[in-house]
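Participant: My questions all concern the structure below.
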Amino acid sequence: MVREHLVNSSIEVFRRKSYEGTTITDIVRAANIARNTFYRYFRSKEELFLECLNEIFFRWSREAPRDNTALSATTYRSRLNRIFVAGHKAYPRWSDMLNLLRVAAVKNPKMFGDKLQSSLETRIKPIVDDINDCIEQGVFRKVNSELLATMLAGIFEYVCYFIYRGKFTQEAFDISDQTVDMLFNGVLAHTSKKRNR
């Protein structure tokens, strides 16, 4: 309970003050705990920061669990929409923390470079697994699943960003459904009429 409270309080402190701008003093004040209580749970600010990132990602994952349902085009579309809506809900916190990790990785690649890569790979792994399942079950043609998963993650991140900036006014599910429709059906107009030459 104390650990969870400490992580939740710290996420907001990091978001407000940045990783570098946050001190242990800021963290213990926000959590309303003693300094020695902090050290009972975490060895350093760095360890807590990484735990905050993990917690946000795992909350997102819990909201859109990967089940064992056989995948069809319909069930995969539905799963992508669930993932997007859960990601949209987690986006402000997750994006802020990931951006802080990106900055930290540039300033201190030895300490944070591998963690950045690991965080990004952890994010796309469930998507890669779903794509591979779709390929095995004949829903998708054989494609580079890592590349497609990376593209999907990038698309959804940009779409979430623009939703939060007010560019799209529809509900997250409607935007997701349109995005998935474009991915599944392409954007080229299909017509049986011959083109005039």
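The values are calculated or read from the model by the stated rules, or taken from the named source; none is laboratory data. As the structure is a prediction and not an experimental result, all values here were calculated from the model. Note that we place each Cβ from the backbone using ideal geometry, even for glycine, and neighbour counts take in every protein chain shown. Please note that ligands, DNA and RNA were not included when accessible areas were found on the heavy atoms of the full protein model with its side chains. Shrake-Rupley method; radii C 1.70, N 1.55, O 1.52, S 1.80 Å.
Participant: Counting only heavy atoms of protein chains, what accessible area per residue, in Å², does region 32-187 have with a probe of 1.4 Å?
Facilitator: Working: 9050 Å² over 156 residues.
Here the per-residue accessible area is 58 Å².
Participant: Given springs between every Cα pair under 10 Å in a Gaussian network model of the chain, which of 93, 59, 40 has the largest fluctuation?
Facilitator: 40
Participant: Treating only the Cβ atoms of Lys and Arg (+1) and Asp and Glu (-1) as charged, compute the dipole magnitude of the chain about its Cα centre; round to the nearest 20 debye.
Facilitator: Details: 31 positive and 23 negative charges, 109 e Å.
With only Lys, Arg, Asp and Glu charged at Cβ, the dipole is about 520 debye.
Participant: What's the FRET efficiency of residue 169 with residue 73 using the Cβ-Cβ distance as r and R₀ = 35 Å, to the nearest 0.05? Kindly include the intermediate steps, with their values, before the conclusion.
Facilitator: Details: r = 28 Å, r/R0 = 0.81.
According to the calculation, E is roughly 0.80.
Participant: Over all directions, how big on average is the projection of the convex hull of the alpha-carbon atoms in region 65-131, in square nanometres? Numbers along the way, then the final one.
Facilitator: Numbers: hull surface 19.9 nm².
Average of the hull's projected areas for region 65-131 equals 5.0 nm².
Participant: With a sphere of radius 14 Å drawn around the Cβ of residue 153, what net charge do the other residues whose Cβ falls strictly inside it have (Lys, Arg +1; Asp, Glu -1)? All intermediate terms of the calculation are to be shown ahead of the outcome.
Facilitator: Values: positive: 123, 125; negative: 121, 129, 130, 146, 157.
So the surrounding residues net to -3.
Participant: Can I ask one more? To two decimal places, what compactness ratio does region 80-197 give when its Cα radius of gyration is scaled by 2.2 N^0.38 Å?
Facilitator: Values: Rg = 17.5 Å, N = 118, 2.2 N^0.38 = 13.5 Å.
Working it through for region 80-197, the quotient is 1.30.
Participant: Take each uninterrupted DSSP H stretch in the chain, measure its Cα extent along the helix axis, and return the ones at 15 Å or beyond whose mean Kyte-Doolittle hydropathy is at least 0.0. Don't skip to the end; give the middle numbers.
Facilitator: Values: long enough: 2-17 (22 Å, -0.56); 45-63 (27 Å, -0.46); 73-107 (44 Å, -0.19); 109-136 (38 Å, -0.47); 145-164 (28 Å, 1.27); 172-185 (19 Å, 0.20).
Result, helices passing both filters: 145-164, 172-185.
Participant: P(r) for the chain, please, calculated from all Cα pair distances in 10 Å bins and given in %.
Facilitator: Percent of Cα pairs in each bin: 8, 29, 30, 20, 9, 3, 1, 0.
Participant: Report the residue, chosen from 115, 89, 107, that carries the largest GNM mean-square fluctuation when the chain is represented by alpha-carbon nodes joined by springs under 10 Å.
Facilitator: Top of the fluctuation ranking is 107.
Participant: Quick one: net charge around residue 16, please, counting Lys, Arg +1 and Asp, Glu -1 for every other residue with C-beta under 11 Å from its C-beta.
Facilitator: On the way: positive: 15, 17; negative: 12, 26, 96.
Around residue 16, the surrounding residues sum to -1.
Participant: Compute the distance from the alpha-carbon center of region 156-177 to that of region 1-54, in whole Å.
Facilitator: So the two Cα centres are separated by 31 Å.
Participant: Taking all protein chains in place and a 1.4 Å probe, what share, in percent, of the accessible surface of the chain do carbon and sulfur account for? Don't skip to the end; give the middle numbers.
Facilitator: Values: 6490 of 12260 Å².
Answer for the chain is 53 percent, counting heavy atoms of protein chains only.
Participant: Which value in deg cm²/dmol, rounded to the nearest 500, describes the helix-derived mean residue ellipticity at 222 nm for the chain, given -39,500 (n - 2.57) per DSSP H run of n ≥ 4 and division by the residue count? Mind showing how you got there, number by number?
Facilitator: Values: 8 runs with 147 residues, N = 197.
Rounded to the nearest 500, it is -25500 deg cm²/dmol.
Participant: Another question, if that's okay. Can you tell me which of 33, 127, 83 moves the most in a GNM of the chain? Springs connect C-alpha atoms under 10 Å apart.
Facilitator: Looking only at 33, 127, 83, the largest GNM fluctuation is found for 33.
Participant: Net charge within 9 Å of residue 77 by Cβ-Cβ distance, Lys/Arg positive one each and Asp/Glu negative one each, not counting residue 77 itself? Numbers along the way, then the final one.
Facilitator: On the way: positive: 79; negative: 177, 181.
That sum, taken over residues with Cβ under 9 Å, equals -1.
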